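Reading through the structure tokens given below for one structure.
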Amino acid sequence: MDFFCNRGAKDIFPLYRNAAATEPNILPALLELLSKAYQRPVGPEDLAAYVYAVLAPSAFTEKFHTELASREVHVPLTRDVVLFARGVDLGRRLIRLHSYGERMLAQGDKKGDVPPGSAKCRKAVPGDPEGYPVAFSYNESTGTLHVALGSSRL
């Protein structure tokens, strides 16, 4: 079920077609093409990490907000081998952080880098624009992040 609105997960595209994670939900020819182009094996997790790195920044949403409301998302793929590798590494780090350390180690990461599930929301950030100004602060002694009127303890 969709976590936020309980409407049946209609907007979720699984990375794998089966629970054993042996059948990627990606055209096989695409992974082969990318592996050949980058002269290294490109697996499903690599492509997912690269896509996450491209789509996750708020700059992407800001630039393409009109198109995102009415069209499918088109992800640009670079021909630059180094840039692709950097995108994969960044995407793995972002997924690792956004999943509280439960998914995807990036190169150089250690298993204990992100304490799983340690962040707790104390007060939700309001959804209306007036309640969500750009102000934020971090109290290092208490480990509390304040974003607008909301707060989370890290």
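Run a plain Debye calculation on the range 60-109 (Cα atoms as equal point scatterers, no solvent) and give log10 I(q)/I(0) at q = 0.15, 0.22, 0.24 Å⁻¹, rounded to two decimals, same order as the q list. Debye output, listed in q order: -0.58, -0.89, -0.91. Peptides 25-35, 64-74, 80-90 ranked from most to least packed by the mean count of surrounding Cβ atoms within 10 Å: 80-90, 25-35, 64-74. Proximity of backbone amide H atoms, modeled 1.01 Å from N, is registered between Thr144 and Asn139, Leu154 at under 5 Å, excluding neighbours fewer than 5 places apart on the same chain.
Here is the tail figure for the range 6-107: Cα pairs spaced more than 21 Å apart come to 42 percent of all pairs.
Computed with every protein chain present, the accessible area of Arg93 is close to 90 Å² [probe 1.4 Å].
The values are calculated or read from the model by the stated rules, or taken from the named source; none is laboratory data. As the structure is a prediction and not an experimental result, all values here were calculated from the model. Note that each Cβ is placed from the backbone with ideal geometry, even for glycine, and that neighbours are counted across all protein chains shown. Just the protein is used for accessible areas: all its heavy atoms, side chains included, with ligands, DNA and RNA removed. Shrake-Rupley method; radii C 1.70, N 1.55, O 1.52, S 1.80 Å.
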